[in-house]
Structure formats: C-alpha cells, structure tokens
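The values are calculated or read from the model by the stated rules, or taken from the named source; none is laboratory data. The structure presented is a predicted model; accordingly, all values stated were derived computationally and were not measured. Methodologically, a virtual Cβ is constructed for each residue, glycine included, from the backbone with ideal geometry; neighbour enumeration extends over all protein chains shown.
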Amino acid sequence: MIQTLFGNLAIFVLSLLVGFEVISKIPSTLHTPMMSAANAIHGVVVAGAIITASLAHSPTGYALTFVAGALAAANVFGGYTVTDRMLKMFTRPEPTEDRTHPQSPS
Amino acid sequence: MSTLAFVTGLAYLLAATLFVVGLHRMRAPATARRGNLVSAGGMVVAVAATVVFALVDSGGTLWGWLALVLGLIAGGSYGVLRARRVKMTDIPQLVSLFNAVGGGAAAAVAVAAFALHPSGPPLSATVSIPIVLDVLIGSVTFSGSLIAAGKLQGIVPGRPLTFRGSRLVNITVVTIALAAGVLALLSTHNLALLMAELVAALVFGVLMVLPIGGADAPVVVSLLNALTGLAVAMAGFAVDNQAMIIAGALVGAAGTVLTLQMAQAMNRSVMSIILGGFGTGDAPAPTGGQGQDLTNVRTVTADDLAIQLAYAQHVMIVPGYGLAAAQAQHEVAELAKLLTDHGVDVKYAIHPVAGRMPGHMNVLLAEANVPYTEMLQLDEANDAFPNCDIALVVGANDVTNPDARKPGNAVSGMPILDVDRARSVVVLKRSMSPGYAGITNPLFTDPKTGMFFADAKQGLSDTIAAVKEYVPA
C-alpha cells in the first residue's frame, strides 16, 4: 500500500514539474485555446467514472456512475470539440491571395 | 505485477506521453491544432485502457455499465452540442462551464469511491485523504465555476456581490467543510459527514466567486481550472489510476502558470482578486472620468479616419474589450482587408489580456479570417509602433495608458502597448469613460490623438463605407 502511494506521489510531483515546464513557454496568442485544451485534458476524470461503473453494485452506485459519467463526458467531449473549433480558425495567410493582391505601396 | 496491470500501465504511459507532446505542440499556432488532436489521441488510449482494465479486474454489473453509457451519451452530446454552437465571444463562459462539470465529476468519483467501499476493513488513509481533498476541491470548483460562468454570461451580476459579515460567513463555511472532512477521515465510513463536507464546499464555492468583479472572472476561471486538475489528480489517488494523476497534475500546473500570467498582465495579484470587491466591470468608476474636461480633446469623424487610413503606409490596429463586447471582429477584419488590398500594411497589436480573457482576441480575429502572422504580440508591436503612420485603437483603454510608465497610479508597472509612440492615433470608443482601472488616460488628450466617439461596430462600418468612397474597389 505504501509502495503504491509513493509511486503515485512520485508521478504526481513529476507531472506537476513537466506541466510547469511545458506550459510556461506558450505565447499569449494561444492562451485561450491553451486553457481550453488543458480543460479538456482534465476530462480524463472519465476514467474515474469508468472505474466507478465497474465497482457499482447498488442503486446508489448506479446513480453516482451516471452523474460522474455525464459530467465527465460533457467535460471531455465538449472540451476537445471547442478547442479544435478555435484552433482550426488559426490560419496562415494564403499564398494565392498574396499573389493576386501585391503589397506594393500605391 | 499482473499482465493486466503491466499492459494498463504501458497504455497510461503512452497516454501521458501524448498529453505532454500535445501540450508541447500547442506552443505555436502552426502546430497547435495537431497538438490538440495528439492530446485527444492520448485520451482515447487512456479511456480504452481503463475500460479493459475495469472489465477484466472487477467486471461490474450490467446495470453499472448501462448507467455509465447513458451518462456518457447524455453528457457527451450536451458537451458537443454546446461546443459546436457557441459564439466565439462566449468562449470564456463555456470553458468555465466545462471546468465546472469536470470538478463535479471528480467529486462524484470520490463520493463513489467512499460510498461503494465494501463493508469490512476501513479505508486506508492513503485512499481516504485523497477522497476528502477531492470532495473539497471538486465541489468548490463545481459551484465556483458555475457562478463565474454566470457572471461572464451576465446571468449573475458582474459587480462584486458583498454583504456585511461575509468574511465571517466564509470562515464559518470553510471551517464546517474542513471539520466535516477531518471527521469523515477519523470516523469509520460515515457518508453523512462526507456529504456535509460536500455541501459546505459547494456553498463556499458560491461565496468565494460572488464578491469577485466580472472583469476578474477570467482569472478566477483559470484558477478554478487549475484546481479541477488537482481534484482530478486526487480522484486518481482515490481510485489508484495513474492516467488521472498525471493528467490532473499537468492541468494543475498549466492552470497555475496561466493564472499567474493573466494576473500579471492585468497588473493584479492573484490574492487581491480572490479577496474580491474590486473590478466592477460594468459599474461607474470610482475616480475621474465623469467630469473629464473635453476641451483638450480633438474629435474626428469616420470620414477623417478614412482619409488618414487610405493615405497611410503602416497601420496598426489595437483591438480591446470594447471590440469584443460589440462583436465587431468581422468589421475590423473587413476594414483591414480593404486597406491591405489598397496596398496599406495593416497589423494588429494584441495585448495579452485584450478581449475577455488572455488570448481571446486572437481567437475572435482568427474567426474573422485574420491570419495569425498579422497578430503581433506586445513586444513585437511595441517595436513596430514608432514606424506606424496611424494607430487605430478600437475599444481598448487601460492597456494603452502611457501613465503605466510612471509610478504612483493604478496602472503603474502594467505592461502596455506603446500606442502613443505611433505618428498619429485615433481612438474609437463610445465615450471618455475610464476603463477597468478607473483612471483617466492621457493618450486621449494627446495632441496627436483624435477621438472617434462611436460604438465599435457602427464606427467601423461607417469607416468602411467612407474608405470605399476614397478607394475605388
């Protein structure tokens, strides 16, 4: 039991450090999609709902499974969908457009 | 270690790698969308591995799995529907809503881990402590995020809601939540105590966010986002699931960094935001503003602005909250397109907190098909201002206030866009009213500044019409 705890604590702390390192380099341009993407990632709580489902053997258990599953699914599906919607709008200038409208000063 | 545990562990390692690689790719606009998809791939791996593990390890009942599937369908379709239909200006409150449900799910998992524990030996402290922490944090983020979303949506008043003795009530509620949590730890399996903790934490979430001003709400959403990450990690400890621990910790760290950066860009400390009672958002400002002397102000019309723009070589557009509120991103993009086609160089100077939350303005402009290469960040924009013939400020105020360079006022030290270093300035704004910081902006009375008093959307439409007269299409 104590071994499991230490193993889990170690990955918890290391993940925190990785999180600080990876996130601190993101440009402000992407902060909103970034926040939304991080939000989608904590939708991994759906794994907790799955484990709850496998442990439920009573009406209380089924009710909690339903609630956890519904809330987690809204988080994970909604989170990834809205993040993708935002990010697909970030486009480079189209090269064809540049050729038809030269940037020379008039 | 059993084969099952080994395979699940490997799958979680892969999922964790994909989450980190995905987040890493989100550092640049060109790779960000792929990054999000990589992270989604990690999610699929984590979920699939968990399903296999749960089926083989404990099996469960048909009713349990049915309840799960029904829940997933109900919640999933609601989430996707809202995500597809949301207007880009309403993104902040949707992120807050998705954050709320995540926290709620984490709390529900903890309650289940506690309630479904078979009678027999009591839960060990390595499980019960995370459960109690998860219920506390998850419940606070659930109700707190809902109130924050309500404030951003305008359902809950944006002004700070305070009442006499609120601090005493807060302390009492927190004490009840903590005491119930500790007692739940010490007692043998008392669900009533855990529920008492949950209810008190829910009440505290509401009380914590109500006194926070609407303008500060995005910072609070970011903070709650970080807390939900921690709640999910705690849920991971409670059910011994590494994918949840890793992903939760990643989000906890990410949210913390974002929160600090947002607060810094707004020149506010996270502590003062949490203590609340500041940042009115919609109420009249405490100082200056109202009686401001208009004699030193030069006003311009849409025609004046159109001529200036048409004969400029380098134009810098500075979009702010007013543009987001008026949903004028399409108009500003149309104006920029018109000028670009005429041979004018047009760029956007985007302050880190322009819009309703950091980076929100970039999303709004991207929606209006503005390429991200034309959106300049603070430092790039400040290098470019001295070469600009005209800086067009649309609905921005405090982020352009030159007083930020002087000590002794509300915006001192705040990073600003050096709009006053452009050759000329036009500010499109509804009135002289001060911004969020509640102080006057000397930029508006600068001799090279023209004030164009109009609603952002209407003012830009008039300017577009005027430019078309001077510039044959």
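Applying the selection to the range B:76-129, what residues are without any contact (Cβ under 8 Å) to a residue 40 or more places away in the chain, of a type in the set (Phe, Trp, Tyr) and out of contact with any Phe, Trp or Tyr (no Cβ under 9 Å at 6 or more places or on another chain)?
Hit for the range B:76-129 is B:98, nothing else.
In the range B:145-182, which residue that is under 25 Å from the mean Cα position of the chain (by Cα) and charged (D, E, K, R) is nearest to residue B:195 (Cα to Cα)?
B:151
crowded, with 20+ Cβ neighbours inside 10 Å and modelled with pLDDT under 90: does that describe residue A:30?
yes
When you go through A:38, A:56, A:70 one by one, which is the residue that is out of contact with any His (no Cβ under 7 Å at 6 or more places or on another chain), buried (at least 24 other Cβ atoms within 10 Å of the Cβ) and over 21 Å from residue B:113 (Cβ atoms)? Quick ask: steps written out before the conclusion?
Details: A:56 fails: over 21 Å from residue B:113 (Cβ atoms); A:70 fails: over 21 Å from residue B:113 (Cβ atoms).
A:38 is the lone residue from the list that is out of contact with any His (no Cβ under 7 Å at 6 or more places or on another chain), buried (at least 24 other Cβ atoms within 10 Å of the Cβ) and over 21 Å from residue B:113 (Cβ atoms).
Would you mind stating whether residue B:159 is at pLDDT below 90 and loosely packed, with under 15 Cβ neighbours inside 10 Å?
Working: at pLDDT below 90: yes; loosely packed, with under 15 Cβ neighbours inside 10 Å: no.
No: the conditions fail for residue B:159.
I'm trying to understand the selection: among the residues of the range A:6-27, which are at pLDDT below 90, facing chain B (nearest Cβ under 7 Å) and either exposed (fewer than 13 other Cβ atoms within 10 Å of the Cβ) or in contact with a Phe, Trp or Tyr (Cβ under 8 Å, 6 or more places away or on another chain) (or both)?
Once the filter is applied, which keeps residues that are at pLDDT below 90, facing chain B (nearest Cβ under 7 Å) and either exposed (fewer than 13 other Cβ atoms within 10 Å of the Cβ) or in contact with a Phe, Trp or Tyr (Cβ under 8 Å, 6 or more places away or on another chain) (or both), the range A:6-27 yields only A:25.
Given the condition in contact (Cβ under 8 Å) with a residue 12 or more places away in the chain and part of a helix (DSSP H, G or I), answer yes or no: does some residue in the range A:5-14 qualify? Before you say what the answer is, go through the steps one by one.
Step one: of the range A:5-14, the residues in contact (Cβ under 8 Å) with a residue 12 or more places away in the chain are none.
No.
All but one of (1) of a type in the set (A, V, I, L, M); (2) facing chain A (nearest Cβ under 7 Å); (3) crowded, with 16+ Cβ neighbours inside 10 Å hold for residue B:70; which doesn't?
Among (1) of a type in the set (A, V, I, L, M); (2) facing chain A (nearest Cβ under 7 Å); (3) crowded, with 16+ Cβ neighbours inside 10 Å, the lone unmet condition for residue B:70 is (3).
Can you confirm whether residue A:73 is out of contact with any Pro (no Cβ under 9 Å at 6 or more places or on another chain), closer than 24 Å to residue B:100 by Cα, in contact (Cβ under 8 Å) with a residue 12 or more places away in the chain and within 7 Å of another protein chain (Cβ to nearest Cβ)?
Details: out of contact with any Pro (no Cβ under 9 Å at 6 or more places or on another chain): yes; closer than 24 Å to residue B:100 by Cα: yes; in contact (Cβ under 8 Å) with a residue 12 or more places away in the chain: yes; within 7 Å of another protein chain (Cβ to nearest Cβ): yes.
Taking the combined requirement at face value, the residue satisfies it.
From (1) at the interface with chain A (Cβ under 7 Å from one of its Cβ atoms); (2) farther than 26 Å from residue B:2 by Cα; (3) surrounded by fewer than 24 Cβ atoms within 10 Å (Cβ to Cβ), pick out the condition that doesn't hold for residue B:65.
(2)
The rows are residues; the columns are (1) within 26 Å of residue B:37 (Cβ to Cβ); (2) among the aromatic types (Phe, Trp, Tyr).
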residue	(1), (2)
A:4	no, no
A:20	yes, yes
A:24	yes, no
A:36	yes, no
A:43	yes, no
A:53	no, no
A:60	no, no
A:64	no, no
A:67	no, no
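May I ask you to list the residues in the range B:352-380 that are closer than 18 Å to residue B:457 by Cα and part of a loop (DSSP other than H, G, I, E, B)?
Within the range B:352-380, B:354, B:355, B:356, B:368, B:369, B:370 qualify.
So residue B:113 clears everything in (1) at the interface with another protein chain (Cβ under 8 Å from one of its Cβ atoms); (2) over 25 Å from the mean Cα position of the chain (by Cα); (3) more than 23 Å from residue B:226 (Cα to Cα) except one condition, right? Which one?
(3)
Does the range B:118-139 include one or more residues that are of a type in the set (Asp, Glu), surrounded by fewer than 24 Cβ atoms within 10 Å (Cβ to Cβ) and at negative phi?
From the range B:118-139, those of a type in the set (Asp, Glu) are B:134; that's our starting set.
When the remaining residues are screened for being surrounded by fewer than 24 Cβ atoms within 10 Å (Cβ to Cβ), the result is none.
No: zero hits.
Quick one: residue B:87 ticks every box in (1) crowded, with 21+ Cβ neighbours inside 10 Å; (2) charged (D, E, K, R); (3) more than 17 Å from residue A:72 (Cβ to Cβ) bar one, so which box is it?
Answer for residue B:87: the failing condition is (1).
Please verify whether the range B:3-15 includes one or more residues that are at the interface with chain A (Cβ under 10 Å from one of its Cβ atoms), buried (at least 20 other Cβ atoms within 10 Å of the Cβ) and closer than 21 Å to residue A:7 by Cα.
Looking for residues that are at the interface with chain A (Cβ under 10 Å from one of its Cβ atoms), buried (at least 20 other Cβ atoms within 10 Å of the Cβ) and closer than 21 Å to residue A:7 by Cα, one finds at least one in the range B:3-15, hence yes.
At least 2 residues that are within 13 Å of chain A (Cβ to nearest Cβ) and not charged (D, E, K, R) in each: list the helices (runs of 4 or more DSSP H) lying fully within the range B:151-269 that qualify.
The qualifying helices (runs of 4 or more DSSP H) are B:191-209, B:217-238, B:242-265.
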